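The structure appears below as structure tokens.
The values are calculated or read from the model by the stated rules, or taken from the named source; none is laboratory data. Because the structure is predicted, anything quoted here is derived from the model rather than measured. FYI the Cβ positions are ideal-geometry reconstructions off the backbone, even for glycines, and counts take in every protein chain you see.
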Amino acid sequence: MNRIGMNMERVKRQNRSLILSYINENGPVSRTDIAQATGLTAAAVTQITGALIAEGILYEASVSTEKTGAAGRKKVPLDIESNAALVYVVNIEPDETTVAVCGLKGEPLTYRGQKIITRFATDTAAAPEEFLERIAGVCRTLSKDLSGRLIKRIDCVSVGITGLVDVANGISMRAYGIWRKPVNVASILGSALGLPVMVENNVDAFSAAELLYGEGRSENDFLTIKWGPGVGSTMIIGGEIYRGKTGKSAELGHFIVEPGGKLCTCGRRGCLETRLSYRALSEIMHFDLETSFDEAWEAASPETKEQIDEAIDLFARSIVNTGTILAPGRIVLFGGLTGIKSLRDKLIEACKVYDPAYDEDRIIHTTLTGMESYVGPAAVYARQKLFAL
């Protein structure tokens, strides 16, 4: 192909990505709306969306009562067909592993009235190869009763896991709290399932979901912070996950905040996570993630409350200092501990003490609550499938 032909192909791919991005952010929308919003000609929009409908990526939703103005024709809204392509989603956390079959909108496939998803305890004592073979078996079990048509649409395995990840080669370099050695996750699962495998850090994966389904649809620069079993973070700049030279993103949880402090899962001492993890807080005041924080707080002694407040204050200082350096438009909180509103409110109030700009409009809770255990790896796949140039 000559250079002109190559450039034309790239323009087509860019226009396709532009249209899909607009539909993802605003859908269902009509061809007329797409053309007006993107600046593409009506003919180009019709051609590209027609091809996407033929591929099964888009579908025509119910006809709008609004007229286009052209011979009184009604607008026909277009939307992304979630089940046009499917992926085995695997999310491995130190306490729990989730396996699901998901579509392009990040939700588990529903088949015969049942969501295709399961959760089980992560066996950190098992050899990595043994545990990954078990995961492959779970994937096969989840899909064995699907129709042949749906099984043919599963074309990838997408994995989210804690710690350092060699994304290019699909290797978990060190999964904090799970494995201490490098594990070639892509090779093991790929051989077992006969599919390509994508591997991503779990917090980075969730940030991909924020970009595709959450805050990223309206905000190009933001910081995600996970507060659950541990503390993790990712910086989004210009609508993309920031990765340093070594492939690391913003590691807020591994700021050194306490000289000679407790040993962290990362191998260093005195990390913020050693003070803010669920285990660290529950050692100060026993509570569970679902119901009992408020009750435990009311019953706690002044000394216990002071220790919890000190930990939250340390977290607030770290967030504000990070924001001073990185200047994110917003900070998106997610994870089990942020799901406790009273605890989340304490954190935001502590941030406002240091800088009033860090209020409820600047620090927000994810809109993807309840999806954290699967939506990240699903989004990593969907972004690649829909928008890869």
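Considering Glu372, Glu360, Glu306, Glu310, the condition of being buried (at least 20 other Cβ atoms within 10 Å of the Cβ) and of a type in the set (Asp, Glu) is satisfied by Glu372 alone.
Among all residues of the range 129-151, there is at least one that is more than 24 Å from the chain's Cα centre (by Cα), under 30 Å from Gly253 (Cα atoms) and touching a residue at least 40 places away in the same chain (Cβ under 8 Å). Among helices (runs of 4 or more DSSP H) entirely within the range 29-146, having at least 1 residues that are loosely packed, with under 13 Cβ neighbours inside 10 Å and out of contact with any Asp or Glu (no Cβ under 8 Å at 6 or more places or on another chain) singles out 42-55, 128-143. Mind checking which residues of the range 216-231 are surrounded by 21 or more Cβ atoms within 10 Å (Cβ to Cβ) and modelled with pLDDT of 90 or more? Phe222, Leu223, Thr224, Ile225, Lys226, Trp227, Val231, listed by residue number.
The condition of being surrounded by 12 or more Cβ atoms within 10 Å (Cβ to Cβ), touching a residue at least 40 places away in the same chain (Cβ under 8 Å), hydrophobic (A, V, I, L, M, F, W, C) and outside the structural domain of Arg119 (by TED's automatic domain parsing) holds for Ile340.
If you go through the range 278-300 and keep only what is over 28 Å from the mean Cα position of the chain (by Cα), closer than 23 Å to Glu258 by Cβ and of a type outside the set (Val, Ile, Thr), you end up with Glu283, Met285, His286, Ala300. Residues that are in a loop (DSSP other than H, G, I, E, B) and either charged (D, E, K, R) or not assigned by TED's automatic domain parsing to the domain that holds Asn202 (or both) within the range 170-187 comprise Arg180, Lys181, listed in sequence order.
Within the range 349-383, track down each residue that is farther than 13 Å from Ala100 by Cβ, out of contact with any Lys or Arg (no Cβ under 9 Å at 6 or more places or on another chain) and among the β-branched types (Val, Ile, Thr). If the condition is that a residue be farther than 13 Å from Ala100 by Cβ, out of contact with any Lys or Arg (no Cβ under 9 Å at 6 or more places or on another chain) and among the β-branched types (Val, Ile, Thr), then Val353, Thr366, Thr367, Thr369, Val380 are the ones that fit.
Yes/no per residue for (1) at pLDDT below 95; (2) over 30 Å from Arg268 (Cα atoms):
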| site | (1), (2) |
| --- | --- |
| Glu107 | no, yes |
| Asp123 | no, no |
| Ala126 | no, no |
| Cys156 | no, yes |
| Thr162 | yes, no |
| Asn169 | no, no |
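For the range 343-382, enumerate the residues that are of a type in the set (Ser, Thr, Tyr) and either free of Cβ contacts under 8 Å to residues at least 60 places away in the same chain or farther than 30 Å from Cys156 by Cβ (or both). Listed by number, the residues that qualify are Tyr354, Tyr358, Thr369.
Specify which of the listed residues (Ala51, Ala71, Ala61, Ala44) is of a type in the set (A, V, I, L, M), outside the structural domain of Arg153 (by TED's automatic domain parsing) and at pLDDT below 75. Of Ala51, Ala71, Ala61, Ala44, the one residue that is of a type in the set (A, V, I, L, M), outside the structural domain of Arg153 (by TED's automatic domain parsing) and at pLDDT below 75 is Ala71.
Do you know which of the residues in the range 260-310 that are charged (D, E, K, R) and in a loop (DSSP other than H, G, I, E, B) is modelled with the lowest pLDDT? Checking each candidate, the answer is Glu290. Considering (1) out of contact with any Asp or Glu (no Cβ under 9 Å at 6 or more places or on another chain); (2) among the aromatic types (Phe, Trp, Tyr); (3) outside any helix (DSSP H, G or I), the lone condition that Phe315 does not fulfil carries the number (3).
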